[in-house]
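Data first, discussion second: the structure below is written as structure tokens.
What follows is calculated from the coordinates using simple rules that are stated; it is not laboratory data. Owing to the predicted nature of the structure, the values given are computational and were not obtained by experimental measurement. Positions of Cβ are backbone-derived with ideal geometry, glycine not excepted, and every protein chain shown enters the neighbour counts.
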């Protein structure tokens, strides 16, 4: 993990300078090669448990697995950029460099051992995302997204940092193990209220970035305005890294005061599920629906964090992977449909199955996975999380989650119905979408993996 | 920490209080001692005679921000050089490592400066350091008044200037 962080940073700088070459043809393959190198280097840390950089970072199998998900999702999203920038003057090398830097931030967020590194990773990731949100310079909605994301994100960062300061004030350490030791010893002596205040503020800061319910209001506008390619990145990488970070700080340091924070997380997850799913029903735009769906999935993942136990980290891992794959598929199809049919609403998908059966099939699998229909990865993701909740005895959470997944089926299947049962209204829409090879490859991989996870979840789960 | 002894944060608090006191006492003394005779000229922003035109909140050329960002590059570099300079010449560390410490620290700082220099060279190649002046294009409008008429007028009033 040490080398992948260093390598990716160097690769990012290299990418900036690759942009000075005359030809842009090598840019995408080289960037994919960079990510593949980082992936291989990351995987060499498998089954090693070590600290590096003066106990600032630590790796174990879980962090390696999360880093793998992050790098793989970046590798799946990058090929979608192939025909995404029709403008020859678009600073594509800079976008790639920023994406690589944001992957560095995400890896820092899953391997941190010191809260300072968590902050550093979160900021590296967020600042890169602020830039990418506003990258469509001619589009006022992109400006709106960047400004909203930046202001909200900066605010959340301030709250997080304030919480970190409080934790330091209470415990005198930034280290996760140091915090854990303080929590263990103070259970006897009575903890300082600053600890609870600090933990709450840190939780708020992280939950803000994860768009969990009381702090979700920036999400739809930001996801909507950001160029779709980068929305896909935002919805997958940021969420995976954020949940890994949240789980790590709570499981390593604060299991001792579980009775204090679980009720907060349980309440926010119920709120998130309700708001995310019910608001998604009313959306007319597929992209906004996906934004609300990402809120609701944050709610499901939060259940796994709340029901902290032996298997919850493997459930979070599995759910993140299934969610990531399905989300990348949906955004890839959305990019194609939006470019060829000029619309992000559900009606833009009308009659897609007749002209592009492959696209329609891939999107249907993705929707089934997001809704949690069996034989897709999303089913087992939800299944494992519900088992966690059941083992912990969080029945009311389980009831809300099951009810809300039933609501989810309604809005996820609207697009499936549009594709298969509605004919296209006008002739212009009836044109067949030509799927570029890079898109076809990404869609084939994500669809295959989604079904594979749904048929044989044991392939992944047995490692954790 | 023993009671009655200052912790590191106590020193910082004293420093902050000292700073506020120093500033406050200086301002207060000046206020008590100085004569108070304001006039319109004195209260203007630039007493040297520059007329204030409009608000300062107008839009600026975006190039100023790029220059500011390039400045930050050097600013950050300098901010990190100071703490480095303190540990660079640490005699104890140098002796303990058999003279290797200084070389190590020097190499580290060169790597850091090299990365920042890469950033500067990137901005340079991108052309962010070129301040393009607006090109003044001479007008192609032909005057019906012959040029020597102007010369004659200039000649005529030269002596009276």
> Length gain on complete extension for the stretch residue A:409 to residue A:285, per 0.36 nm per residue less the alpha carbon to alpha carbon distance?
Replying inline: 43.0 nm
>> Give me the inter-chain shielding for B:117-127: mean count of other chain Cβ atoms within 10 Å, whole number please.
In response: 2
>> Need one number: nm distance between label points at residue B:78 and residue A:461, each 7 Å from Cα along Cα→Cβ, rounded to one decimal.
In response: 6.0 nm
> Tell me, in nm to one decimal, what length is gained between residue B:86 and residue B:112 on full extension, where the rule is 0.36 nm per residue of separation less the Cα-Cα distance?
Replying inline: 7.7 nm
>> Can you order the peptides A:371-382, A:48-59 by their average number of other Cβ atoms within 10 Å per residue, highest first?
In response: A:371-382, A:48-59
> From the square roots a ≥ b ≥ c of the eigenvalues of the alpha-carbon gyration tensor of the stretch B:25-161, which class results: rounded (a/c under 1.5), prolate (a/b over b/c), or oblate?
Replying inline: oblate
> If r is the Cβ-Cβ distance from residue A:390 to residue A:452 and R0 is 22 Å, what FRET efficiency results, to the nearest 0.05?
Replying inline: 0.30
>> As I understand it, the value is the acute angle between the Cα axis of helix A:193-209 and the longest principal axis of the Cα atoms of chain A; what does it come to in degrees, rounded to 10?
In response: 10 degrees
> If you bin the C-alpha pair distances of the stretch A:1-90 every 5 Å from 0, what whole percents do you get?
Replying inline: 3, 12, 21, 21, 16, 11, 8, 5, 3, 0
> Helix A:115-133 sits at what angle to the longest principal axis of chain A, using alpha carbons and giving 0 to 90 degrees rounded to 10?
Replying inline: 20 degrees
> Taking R0 as 41 Å, what's the FRET efficiency between residue B:154 and residue A:90 from their Cβ-Cβ distance, rounded to 0.05?
Replying inline: 0.15
>> Give me the inter-chain shielding for A:17-26: mean count of other chain Cβ atoms within 10 Å, whole number please.
In response: 1
>> Checking the a/c ratio against 1.5 first, then a/b against b/c, what shape does the Cα gyration tensor give for the stretch A:339-464?
In response: oblate
> Roughly how many Å is it from the Cα centre of the stretch B:1-78 to that of the stretch A:444-462, as a whole number?
Replying inline: 61 Å
> Peptide A:249-262: average number of partner chain Cβ atoms within 10 Å per residue?
Replying inline: 0
> Which order, highest average first, do A:318-324, A:23-29 follow once you tally other Cβ atoms within 10 Å for each residue and take the mean per peptide?
Replying inline: A:318-324, A:23-29
> If the viscosity is 0.890 mPa s and the temperature 25 °C, what Stokes-Einstein diffusion coefficient in µm²/s follows for the stretch A:161-269 when Rh is the Kirkwood radius over Cα pairs?
Replying inline: 163 µm²/s
>> Counting only helical runs of four or more DSSP H residues, what would the 222 nm mean residue ellipticity of chain A come to if each run contributes -39,500 (n - 2.57) and the total is spread over all its residues?
In response: -24500 deg cm²/dmol
>> What distance in nm separates the two pseudo spin-label positions at residue A:20 and residue A:53, each 7 Å out from Cα along the beta-carbon direction?
In response: 2.8 nm
> What ranking, highest mean first, results for peptides B:118-130, A:214-226 when packing means the other Cβ atoms within 10 Å averaged over each residue?
Replying inline: A:214-226, B:118-130
> When chain B is modelled as a GNM with alpha-carbon springs shorter than 10 Å, which of B:84, B:141, B:103 fluctuates the most?
Replying inline: B:141
>> Can you compute the helix-only [θ] at 222 nm over chain B? Use -39500 (n - 2.57) per DSSP H run of at least 4 residues, normalise by all residues, nearest 500 deg cm²/dmol.
In response: -21000 deg cm²/dmol
> Hey, how many Å between the Cα centroid of the stretch A:159-190 and the Cα centroid of the stretch A:90-120?
Replying inline: 26 Å
> Taking square-rooted eigenvalues a ≥ b ≥ c of the alpha carbon gyration tensor, is the protein assembly as shown rounded, prolate or oblate, where a/c under 1.5 means rounded and, failing that, a/b exceeding b/c means prolate?
Replying inline: oblate
> Where is the GNM fluctuation largest for chain B (alpha-carbon springs, 10 angstrom cutoff): B:52, B:67, B:132?
Replying inline: B:52
